[in-house]
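Report on one structure; see the data block that follows.
The values are calculated or read from the model by the stated rules, or taken from the named source; none is laboratory data. Source: prediction; values computed, not measured. Glycine gets a Cβ as well: all are built from the backbone with ideal geometry, and neighbour counts include every protein chain shown.
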Amino acid sequence: MYDNQIHVELVHKHIVMLYAAFQKRLVLVQEYAGRGDLYGIYRSLNRRMTEAQLTHLVLAPFMEALAYLHARGICHRDVKPENILFTNDWRLLIADFGVSIDLNQERAVTRAGTLEYMAPEVERCPLKMLPEENKDNPQLAYTTAVDIWAVGVLAYELMVGFPPVVVDSAPGSADAGAGGHGPGGAFLAEHATRKTLSFPASTSPHAHDFISAALAERPEERPTAVQLSRHPWLAGAAQQPAPRRSAGQLNSLNGAPLYPSRLGASSLASAPSSGGVPSSALVL
């Protein structure tokens, strides 16, 4: 359970706390995230977030946590809406370190993650049968820049309504690594086709620059997590009041609505009985 060895050592207000892990029954005991995942929230907003919602609720706290991970040599490798959770008071939590890697300990050469959010340098890596395969091939090695690419895809999708990548599905082909998006989790795909970025006319210049920089084809041309956390788009958001989360937008702040996940099931086991963070943990 290498991913748990990484996860248990992470302490940050925007990273879900791992309390316990059991190998025999494959159970994780984690911090309670009463609001469910970002994908469910995104769906409740008719698959479109305003720039204010996106920067305040998602990108600003996410980039803070990602900078923390990258400073420690940790590459998440599966950034996507399903792996971003929220507590009852709308505190963002990065979750699921199942394919994360400590670059201080080993070279990243595995085709891991979810295809729609997979950077070009990860997609070109061959699928592996054994963990040690390709570890001696430095030409395949990639860096934390793959997470930056995924941030660009994430921001574009949440703002525009669809990802900047078209996945070509083929029956019988292998999943890229982590959980997919198809019904029941049976997402099967081999190829991803990148489209020319097209932004709505209402997109601000700062949003356009942030996303375009994160989606640079060459990894060395992408900004770091720290640089993106200081980008004018996020800096400008910090100077503005937080967007109101009305019943017609992010549902009520009272209680904890159930948001459907991308796989069709509820992303929350049960609603808490009080407004505070309950002592019970979400068992996965």
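Scanning segment 102-125 for residues that are within 29 Å of Y39 (Cα to Cα) and free of Cβ contacts under 8 Å to residues at least 60 places away in the same chain turns up L103, A108, V109, Y117, V122, R124, C125.
Does V165 count as under 19 Å from the mean Cα position of the chain (by Cα) and either surrounded by fewer than 20 Cβ atoms within 10 Å (Cβ to Cβ) or of a type in the set (D, E) (or both)? Spelling it out, V165 is indeed under 19 Å from the mean Cα position of the chain (by Cα) and either surrounded by fewer than 20 Cβ atoms within 10 Å (Cβ to Cβ) or of a type in the set (D, E) (or both). Here E190 meets each of (1) at pLDDT below 65; (2) assigned to a loop (DSSP other than H, G, I, E, B) with one exception, condition (2). Entry remark, segment 55-78: residues being under 28 Å from A108 (Cβ atoms) and assigned to a helix (DSSP H, G or I) number 14 in total.
Across segment 42-59, the qualifying residues are those that are of a type in the set (A, V, I, L, M) and under 18 Å from H208 (Cβ atoms), and the one among them that is farthest from the chain's Cα centre (by Cα) is A52.
Among the residues of segment 177-186, is there at least one that is at pLDDT below 95, touching a helix residue (DSSP H, G or I) at 6+ places or on another chain (Cβ under 8 Å) and closer than 19 Å to F97 by Cβ? Scanning segment 177-186 turns up at least one residue that is at pLDDT below 95, touching a helix residue (DSSP H, G or I) at 6+ places or on another chain (Cβ under 8 Å) and closer than 19 Å to F97 by Cβ. Would segment 58-71 turn up any residue that is farther than 20 Å from A145 by Cα and modelled with pLDDT of 95 or more? No, segment 58-71 has no match at all.
Against the list (1) over 15 Å from the mean Cα position of the chain (by Cα); (2) under 20 Å from L28 (Cα atoms), the condition R72 fails is (2). With the structure loaded, tell me whether V11 is without any contact (Cβ under 8 Å) to a residue 24 or more places away in the chain and hydrophobic (A, V, I, L, M, F, W, C) or whether it fails that test. Taking the combined requirement at face value, the residue satisfies it.
Of the numbered criteria (1) within 24 Å of S212 (Cβ to Cβ); (2) surrounded by fewer than 22 Cβ atoms within 10 Å (Cβ to Cβ), the one L92 fails is (2). The helices (runs of 4 or more DSSP H) found entirely in segment 197-248 that carry 3 or more residues being at pLDDT below 95 are 232-238.
Filtering segment 18-43 to residues that are among the hydrophobic types (A, V, I, L, M, F, W, C) and at pLDDT 95 or above leaves A33, L38, I41. If I ask for residues that are over 19 Å from K80 (Cβ atoms) and not in a loop (DSSP other than H, G, I, E, B), which ones from segment 19-49 would you list? Y19, A20, A21, F22, V27, V29, listed by residue number.
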